[in-house]
Amino acid sequence: MDESYSLPNNIAVITPQELLQSGKVVLRLAHLYEAGEDKEYSVVCGVELKKLVSGKKIKKVTEMTLSGNQERKKMEKSRP
């Protein structure tokens, strides 16, 4: 991570993992507060991925489900 960058207080890195065979990186981030749980921290926030993975080139970002086995967009489309 870029030394001058810090994550928002309501975000945590859960799993940083480099997949050596493919060169891909799995990065699980978590928002620590549910909607309405805290007046200050239960808000949408942003993360600067380029600063979070400094030294790496970002070619593509795919938002996955928490289990990491399905794209979030596909999962949301399959809901009734």
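The values are calculated or read from the model by the stated rules, or taken from the named source; none is laboratory data. In this text the structure is predicted, and so the values were computed from the model without any measurement. No Cβ is skipped: glycine too gets one built from the backbone with ideal geometry, and neighbour counts run over all protein chains shown.
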Task: Matching option when the condition is touching a residue at least 40 places away in the same chain (Cβ under 8 Å) and over 10 Å from the mean Cα position of the chain (by Cα), among 24, 60, 56, 51 - done: 51
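Being among the aliphatic types (A, V, I, L, M) and either under 16 Å from the mean Cα position of the chain (by Cα) or within 19 Å of residue 18 (Cα to Cα) (or both), is that true of even one residue in region 71-80?
no
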TODO: Test each condition in (1) part of a loop (DSSP other than H, G, I, E, B); (2) surrounded by 10 or more Cβ atoms within 10 Å (Cβ to Cβ); (3) free of Cβ contacts under 8 Å to residues at least 24 places away in the same chain for residue 1 and report the one that comes out false.
DONE: (3)
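Give me the residue from region 24-42 that is part of a loop (DSSP other than H, G, I, E, B) and either aliphatic (A, V, I, L, M) or within 18 Å of residue 69 (Cα to Cα) (or both) and, out of that set, modelled with the highest pLDDT.
Among those that are part of a loop (DSSP other than H, G, I, E, B) and either aliphatic (A, V, I, L, M) or within 18 Å of residue 69 (Cα to Cα) (or both), it is 32.
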TODO: Say whether the condition of being closer than 18 Å to residue 2 by Cα, among the hydrophobic types (A, V, I, L, M, F, W, C) and under 11 Å from the mean Cα position of the chain (by Cα) is met by at least one residue in region 27-34.
DONE: yes
Open item on the list: Being closer than 20 Å to residue 71 by Cα, in contact with a helix residue (DSSP H, G or I) (Cβ under 8 Å, 6 or more places away or on another chain) and modelled with pLDDT under 90 narrows it down to one residue among 58, 14; which is it?
Closed with: 58
Open item on the list: For region 4-21, give me each residue that is surrounded by fewer than 10 Cβ atoms within 10 Å (Cβ to Cβ), out of contact with any Lys or Arg (no Cβ under 8 Å at 6 or more places or on another chain) and touching a residue at least 40 places away in the same chain (Cβ under 8 Å).
Closed with: none
Open item on the list: Looking at region 61-73, can you tell me whether even one residue there is assigned to a loop (DSSP other than H, G, I, E, B) and of a type in the set (Lys, Arg)?
Closed with: no
